[in-house]
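Student: Have a look at this one before I ask anything.
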Amino acid sequence: MKTVNSLSGGKTSSYIAANYPADYNVFSLVRTDDKNCMFPDKKIRQEVSDRLGVEFIGTLEEDTIIYTMLDLEQFIGSKIDWVTGKAFDDVILRNGKKYLPNVTQRFCTTEMKLQPLFDWWRSGINEVVEMRIGFRANEQSRAKTMLSKTNENGYSTFKAIIGKRKTQNKWSDIEWQKPSFPLIKDNIYKDKVEKYWKDKNVRFAYMNNCIGCFHRSPVLLKHMSDKHPSKYQWFVNAEQNTGYNTKTFKNGLSYDKIRKSLKQTSLFDDDFNECDSGYCGL
C-alpha cells in the first residue's frame with residue numbers, strides 16, 4: 001500500500017513530512033479570487049499558479065503558508081504535490097445565491113480540501129493508500145472520530161461519479177484511503193514538534209486554516225480581523241445578501257459584529273493556542 005502524507009501547512013503535519021518519508025506528500029490550498037486578498041509577491045503567485053494548474057490570486061489562509069510549503073519542500077528534499085478545488089468565492093454560490101457553510105454543514109472542507117485531494121488521488125494513484133494524518137498523541141479522540149467514519153475494511157470512502165445511467169450520473173462510495181496516525185503511535189506531543197522546528201529554515205504561519213474559520217471562537221476571530229483585515233473582510237462580505245436561511249457562519253453571530261466587538265481589549269498572539277484555531281481534517 002502506497003503512503004501519502006497529508007499536509008496542512010502547520011508544524012505537526014510538516015513534522016510528519018520531515019520524519020516519516022512517504023511515497024507522496026500532498027497539500028490542498030484554499031483559494032480566493034478576491035483581488036483585495038491578493039498574494040503580494042507576483043513571482044510567487046505565478047509559481048503557485050504553475051503548481052496548481054489554475055490562476056492563483058490569493059488564499060484565505062495566512063499568506064505565510066505559501067512560504068511554509070515552499071520551504072518545507074526544500075527542507076525534506078522531496079516533491080510536494082499542490083492541489084486545489086474551486087475558489088471559496090465559487091463554493092458559497094448556489095444558483096447565483098450565497099449559501100454559507102457552518103459547523104453543521106462543513107461543505108467548505110469537502111469541496112476545498114477533500115474533493116481536490118480525492119481528484120488528485122483518483123487521477124494519479126487510484127488504489128487505496130495509507131493516508132498519514134497529523135494528530136498528536138493527545139488527540140486520540142479526533143483519531144477515533146475519523147476511524148468511526150471508515151467502512152468495515154477500515155477505509156475512508158468518497159462519493160463520486162462512476163458513470164451514467166441514461167441521462168443521470170451514477171454515484172458510488174469509493175474506497176480511497178486508510179487513515180493512520182504515526183504521531184499517536186509513536187507518542188509524539190506538541191513539545192517535541194515545537195522543539196524539532198526551533199531554528200529550522202522553515203517559515204510557519206501564526207495559525208493555519210482559514211482566517212475566518214467558523215470553528216474559531218469569537219475572541220480569536222476578532223483578533224484575526226485585526227491581524228488580517230482584508231481577508232477577514234471577505235467573510236464579512238460573504239455574509240451580506242445571502243439568499244438562503246443560513247445568514248451567518250456562526251449561529252446568528254455576524255462577523256461584522258464580532259469585528260466591532262471588544263474594542264477596548266488588546267489581544268496578542270500569545271493569548272491563543274491551537275485549541276482555539278479550528279481545523280480542517282480528512
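Student: Can you find even one residue in the stretch 188-205 that is closer than 30 Å to residue 161 by Cβ and in the same structural domain as residue 77 (by TED's automatic domain parsing)?
Tutor: Restricting attention to the stretch 188-205, the residues satisfying the condition of being closer than 30 Å to residue 161 by Cβ are none.
No, the stretch 188-205 contains no residue that is closer than 30 Å to residue 161 by Cβ and in the same structural domain as residue 77 (by TED's automatic domain parsing).
Student: Can you name the number of the only condition in (1) assigned to a helix (DSSP H, G or I); (2) surrounded by fewer than 17 Cβ atoms within 10 Å (Cβ to Cβ) that residue 89 fails?
Tutor: (2)
Student: Give me the pairs: first residue in the stretch 32-48 and of a type in the set (Asp, Glu), second residue at pLDDT 95 or above, beta-carbon distance under 6 Å, and six or more apart or on different chains, which are they?
Tutor: Close Cβ pairs (under 6 Å, with a partner that is at pLDDT 95 or above) amount to 33/57; 33/87; 33/89; 34/234.
Student: If a residue must be among the polar types (S, T, N, Q), buried (at least 20 other Cβ atoms within 10 Å of the Cβ) and under 18 Å from residue 130 (Cβ atoms), how many such residues does the stretch 2-51 contain?
Tutor: First pass over the stretch 2-51, keeping only residues among the polar types (S, T, N, Q): 3, 5-6, 8, 12-14, 19, 25, 28, 32, 36, 46, 49.
With buried (at least 20 other Cβ atoms within 10 Å of the Cβ) added as a condition, the list becomes 5-6, 8, 12-14, 25, 28, 32.
Subsequent filtering for residues that are under 18 Å from residue 130 (Cβ atoms) retains 5-6, 8, 12-13, 25, 28.
Number of matching residues: 7.
Student: Something else about it: All but one of (1) touching a helix residue (DSSP H, G or I) at 6+ places or on another chain (Cβ under 8 Å); (2) without any contact (Cβ under 8 Å) to a residue 40 or more places away in the chain hold for residue 15; state the number of the condition that does not hold.
Tutor: Unmet for residue 15, out of (1) touching a helix residue (DSSP H, G or I) at 6+ places or on another chain (Cβ under 8 Å); (2) without any contact (Cβ under 8 Å) to a residue 40 or more places away in the chain: (2).
Student: Another question about this same structure. Out of 109, 68, I need the residue that is in contact (Cβ under 8 Å) with a residue 40 or more places away in the chain, assigned to a helix (DSSP H, G or I) and out of contact with any Lys or Arg (no Cβ under 9 Å at 6 or more places or on another chain). Which one?
Tutor: 109
Student: Something else: When you go through (1) of a type outside the set (Val, Ile, Thr); (2) outside any loop (DSSP other than H, G, I, E, B); (3) within 23 Å of residue 63 (Cα to Cα); (4) modelled with pLDDT of 95 or more one by one for residue 195, which number turns out not to apply?
Tutor: (3)
Student: Being among the polar types (S, T, N, Q) and either crowded, with 22+ Cβ neighbours inside 10 Å or within 22 Å of residue 121 (Cβ to Cβ) (or both) is the filter here; which residues of the stretch 52-72 pass it? Outline the logic, then answer.
Tutor: First, pick out the residues of the stretch 52-72 that are among the polar types (S, T, N, Q): 59, 64, 68.
Result: 59, 68.
Student: State whether the residues of the stretch 91-106 include one that is farther than 23 Å from residue 215 by Cα, under 18 Å from the mean Cα position of the chain (by Cα), of a type outside the set (A, V, I, L, M) and in the same structural domain as residue 20 (by TED's automatic domain parsing).
Tutor: Kept after step one, since they are farther than 23 Å from residue 215 by Cα, are these residues of the stretch 91-106: 95-97.
From the residues that got through so far, the ones that are under 18 Å from the mean Cα position of the chain (by Cα) too are none.
No; the residues of the stretch 91-106 include none that is farther than 23 Å from residue 215 by Cα, under 18 Å from the mean Cα position of the chain (by Cα), of a type outside the set (A, V, I, L, M) and in the same structural domain as residue 20 (by TED's automatic domain parsing).
Student: Being at pLDDT 95 or above and over 20 Å from residue 103 (Cα atoms): is that true of residue 189 here? Talk me through it step by step, then tell me what you get.
Tutor: Working: at pLDDT 95 or above: yes; over 20 Å from residue 103 (Cα atoms): yes.
Spelling it out, residue 189 is indeed at pLDDT 95 or above and over 20 Å from residue 103 (Cα atoms).
Student: Look through 122, 136, 142 and report the one residue that is assigned to a loop (DSSP other than H, G, I, E, B) and of a type in the set (D, E, K, R). Lay out the reasoning, then the answer.
Tutor: Details: 122 fails: assigned to a loop (DSSP other than H, G, I, E, B); 142 fails: assigned to a loop (DSSP other than H, G, I, E, B).
136 is the lone residue from the list that is assigned to a loop (DSSP other than H, G, I, E, B) and of a type in the set (D, E, K, R).
The values are calculated or read from the model by the stated rules, or taken from the named source; none is laboratory data. Everything quoted here is computed from the prediction, not taken from an experiment. Methodologically, a virtual Cβ is constructed for each residue, glycine included, from the backbone with ideal geometry; neighbour enumeration extends over all protein chains shown.
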